[in-house]
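First up is the structure itself, then whatever we jot down about it.
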Amino acid sequence: MLLNFRVLSLFPYIYKNEVSKNSVLYDSKLINNSMTNEHYEKYKDTIKKVARRNYQKRVAWLNNHLGDESCIHCGESETVCLKLYPHDAEIRKQAKRVGVNDESRKEVHKLMNNCKVVCSNCWIKLDNDLIEFL
């Protein structure tokens, strides 16, 4: 039996054939799929709303952090304009992906501690070496 399971796990197409031949396995697979589909269909809107709400919380967290900051070069304080130089894209990507508790955000905090807050205009100037960090 152990050898049989090992062979089946190595060759998924053989496993599919075995499941289709064995009516008990086939029925349990169909029941499992239908129960999952019914559950998802029943709570589809709720699942989407919760996912959207959690995503918005993760995005708002970074914007709230930048709300108290201003550009180190020109003093711009409009949150929409502010970026974290030089890791802004990576921070925003991770902030959207990870949870909102401090344990999940360790990597984001580490990146943020190595960054300077600059506005979009100063970001472009820094990238083109028109200004330097003070």
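Please treat every number below as a calculation from the coordinates, not as lab data. Keep in mind the model is a prediction, meaning the values are calculated, not measured. Using ideal geometry, Cβ is built from the backbone for each residue, glycine included, and neighbour counts are taken over all protein chains shown.
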| note | Subtracting the Cα-Cα distance of residue 107 and residue 56 from 0.36 nm times their residue separation yields 16.4 nm
| task | Kindly write out, for segment 58-64 in residue order, the coupling ³J(HN,Hα) from the Karplus curve 6.51 cos²θ - 1.76 cosθ + 1.60 (θ = phi - 60°), rounded to whole Hz, with x marking Gly and Pro. | result | 5, 5, 5, 4, 5, 5, 5
| message | Whole-Hz ³J(HN,Hα) for each residue in segment 82-98, computed from phi via Karplus 6.51 cos²θ - 1.76 cosθ + 1.60 with θ = phi - 60°, x for glycine and proline: what do you get? | response | 7, 9, 9, 8, x, 10, 4, 5, 5, 5, 5, 5, 5, 5, 6, 8, 8
| said: Exceeding 19 Å between C-alpha atoms, which entries from my cross-link table qualify? They are 49/83; 48/110; 83/116; 57/93; 49/106. | reply: 49/83; 48/110; 49/106
| request: Determine, for each peptide in 100-113, 62-75, 43-56, the mean count of other beta carbons within 10 angstrom over its residues, then list the peptides with the highest first. | output: 62-75, 100-113, 43-56
| request: Arrange the peptides 126-132, 86-92 so that the one whose residues have, on average, the most other Cβ atoms within 10 Å appears first. | output: 86-92, 126-132
| request: Determine the sum of side-chain charges near residue 83: Lys and Arg each +1, Asp and Glu each -1, restricted to other residues whose C-beta is under 14 angstrom from that of residue 83. | output: -2
| What is the dipole size for segment 45-127, taken about its Cα centre, with +1 at each Lys and Arg Cβ and -1 at each Asp and Glu Cβ, in debye to the nearest 20? | 500
| Efficiency of FRET between residue 89 and residue 124 - r from beta-carbon atoms, R0 25 angstrom, step 0.05 | 0.95
| Which one of 122, 61, 75 is farthest out on the positive end of the charge dipole of segment 45-127, using unit charges on Cβ (Lys, Arg +1; Asp, Glu -1) and the Cα centre as origin? | 61
| remark: Computed ³J(HN,Hα) along segment 76-81: with the Karplus parameters 6.51/-1.76/1.60, θ = phi - 60°, integer Hz and x for glycine or proline, the list is 4, 10, 5, 4, 4, 7
| note | Two pseudo-spin positions, 7 Å from Cα along C-beta at residue 63 and at residue 40, lie apart in nanometres by 3.0
